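These notes concern the structure reproduced below.
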Amino acid sequence: MKKIAFIGSGTMGTALATAACKGVDPSEVVVTDFVQEKGKELADRLGCRFVPTNTEAVKAAHYVVFCVKPQFLKGVLEEVKPAFEACAAAGEETIIVSIVAGVEVSTYVKELELEGKNAPVIRILPNTACLIGKGFTLIEQGESYTKEQEDEFRYIMRESGGFDSLPPSQFVAGTVLTSTSPAFIAMFANSLADGGVYNGLLRPQARRYALEGILGTVQLLLQSDKHLEGLKDDVCSPAGPAMIGVKTLEDAGFRSSVISAVADAYKRFEEIGRLK
């Protein structure tokens with residue numbers, strides 16, 4: 001039996017499969033996708049194994065990672081249910097790993113009729129930087145899986161980046177922040193670059209300088225316990241350009257807009273998890 005299988009080779013499925021193939025021998029990794037040409041191309045590129053159906057993916061590996069859109073999950077679970085039943089009947093442990101936004105562990109238990117069975121379900125949510133080994137994955141603390149199983153999963157996926165675990169009461173809030181913030185940061189970076197172009201820089205220059213500024217700031221903050229506002233205060237000299245810019249952002253409702261974006265994303269996470 002292979003170590004890990006990925007159902008779905010979209011952005012996150014590709015990122016995680018890529019990390020897994022760096023963490024373990026690619027021959028221990030299985031991928032599948034509804035669009036078979038896409039799945040085959042990924043498997044060929046990574047040197048791992050492609051299987052044509054979700055059922056084969058379930059039967060092939062110890063860990064099965066569901067990397068599908070929430071609206072497609074119910075159909076996928078109906079398809080693979082007999083495979084999970086067959087694995088259980090054969091005494092083969094199959095550990096479910098879900099990255100599907102908004103979908104709780106109880107959904108897998110219900111749809112696959114796993115109640116009362118030894119069926120570990122690990123709910124996680126990574127972000128797209130896993131593709132280059134700089135991602136951050138949150139794991140929902142649960143009772144259906146053991147610490148050893150979590151540790152093994154982390155080991156397999158160690159090349160994806162960092163990990164942390166949260167209780168169910170905080171999991172959605174944490175995952176909303178880690179998974180949606182790249183979109184907001186990209187928008188902010190592009191806006192900074194636009195400002196540079198407005199002031200006379202060429203687009204490649206403005207893009208690089210904006211990203212270097214963000215990267216250096218993040219690295220500095222991660223290595224310090226200083227309050228985030230502290231760095232802003234350090235940069236904003238009296239009546240200086242940064243302070244003038246901060247006032248402009250505040251006048252435009254910058255902070256409240258960001259807070260509202262995160263809060264609205266949180267609401268949406270809860271909505272999209274309801275299987276039809």
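The values are calculated or read from the model by the stated rules, or taken from the named source; none is laboratory data. Every value quoted in this text rests on a predicted model; they were computed, and no experiment measured them. In this analysis, Cβ positions are derived from the backbone assuming ideal geometry, glycine residues included, and neighbour counts consider all displayed protein chains. We work out accessible area using only protein heavy atoms, side chains counted, and drop any ligands, DNA or RNA first. Shrake-Rupley method; radii C 1.70, N 1.55, O 1.52, S 1.80 Å.
From the list Glu150, Glu229, Glu143, exactly one residue is modelled with pLDDT under 95 and either farther than 23 Å from Ser260 by Cβ or not in a helix (DSSP H, G or I) (or both). Which is it? I'd like the intermediate steps shown before the answer.
On the way: Glu150 fails: modelled with pLDDT under 95; Glu229 fails: either farther than 23 Å from Ser260 by Cβ or not in a helix (DSSP H, G or I) (or both).
Among Glu150, Glu229, Glu143, only Glu143 is modelled with pLDDT under 95 and either farther than 23 Å from Ser260 by Cβ or not in a helix (DSSP H, G or I) (or both).
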Hey, can you tell me all the residues within segment 35-52 that are touching a Phe, Trp or Tyr at 6+ places or on another chain (Cβ under 8 Å) and surrounded by 16 or more Cβ atoms within 10 Å (Cβ to Cβ)?
Gly39, Lys40, Leu42, Ala43
Sort out which residues of segment 53-65 are over 22 Å from Leu125 (Cα atoms) and open to solvent by 20 Å² or more (accessible area, probe 1.4 Å), and write them in order of number.
Thr53, Thr55, Glu56, Lys59
I want to confirm something. Restricting to segment 248-266 and keeping residues that are charged (D, E, K, R) and surrounded by 11 or more Cβ atoms within 10 Å (Cβ to Cβ), which single residue is nearest to Gly75 (Cα to Cα)?
Asp264
If I go through segment 190-199 residue by residue, how many of them are over 28 Å from the mean Cα position of the chain (by Cα) and open to solvent by less than 60 Å² (accessible area, probe 1.4 Å)?
3
What about Glu41, is it over 14 Å from the mean Cα position of the chain (by Cα), at pLDDT 95 or above and either assigned to a strand (DSSP E or B) or of a type outside the set (A, V, I, L, M) (or both)?
yes
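Output the residue which, of all residues in segment 46-63 that are in a helix (DSSP H, G or I) and under 23 Å from the mean Cα position of the chain (by Cα), is farthest from Val24 (Cα to Cα). Walk me through how you get there before you give the answer.
Just the residues of segment 46-63 that are in a helix (DSSP H, G or I), to begin with: 46, 54-60.
Filter once more, keeping what is under 23 Å from the mean Cα position of the chain (by Cα): 46, 54, 57-58.
Numbers: Leu46: 12, Asn54: 22, Ala57: 17, Val58: 19 Å.
It comes out as Asn54.
Considering segment 232-272 alone, what residues qualify as being polar (S, T, N, Q), farther than 15 Å from Leu177 by Cβ and assigned to a helix (DSSP H, G or I)? Give the steps one after another, and end with the answer.
At the first step, the residues of segment 232-272 found to be polar (S, T, N, Q) are 237, 248, 256-257, 260.
Those still in the list that are farther than 15 Å from Leu177 by Cβ too: 237, 248, 256-257.
Correct list: Thr248, Ser256, Ser257.
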Is it true that Ala239 is of a type in the set (A, V, I, L, M, F, W, C) and surrounded by 13 or more Cβ atoms within 10 Å (Cβ to Cβ)?
no
Being within 30 Å of Glu93 (Cβ to Cβ), small (Gly, Ala, Ser), surrounded by fewer than 11 Cβ atoms within 10 Å (Cβ to Cβ) and under 21 Å from the mean Cα position of the chain (by Cα), is that true of even one residue in segment 157-170?
yes
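Table: residues versus (1) out of contact with any strand residue (DSSP E or B) (no Cβ under 9 Å at 6 or more places or on another chain); (2) without any contact (Cβ under 8 Å) to a residue 40 or more places away in the chain.
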| residue | (1), (2) |
| --- | --- |
| Ile96 | no, yes |
| Glu150 | no, yes |
| Ser160 | no, no |
| Thr180 | yes, no |
Check Pro70 against each of (1) more than 22 Å from the chain's Cα centre (by Cα); (2) touching a residue at least 40 places away in the same chain (Cβ under 8 Å) and name the one condition it does not meet.
(1)
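Looking at segment 2-22, can you tell me whether even one residue there is over 23 Å from the mean Cα position of the chain (by Cα) and either open to solvent by 50 Å² or more (accessible area, probe 1.4 Å) or on the phi > 0 side of the Ramachandran plot (or both)?
Within segment 2-22, the subset over 23 Å from the mean Cα position of the chain (by Cα) is none.
The answer is no, given that none of the residues of segment 2-22 is over 23 Å from the mean Cα position of the chain (by Cα) and either open to solvent by 50 Å² or more (accessible area, probe 1.4 Å) or on the phi > 0 side of the Ramachandran plot (or both).
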Just to verify a result, which residue in segment 66-112, among those that are part of a loop (DSSP other than H, G, I, E, B) and in contact with a Leu (Cβ under 9 Å, 6 or more places away or on another chain), is surrounded by the most Cβ atoms within 10 Å (Cβ to Cβ)?
Val100
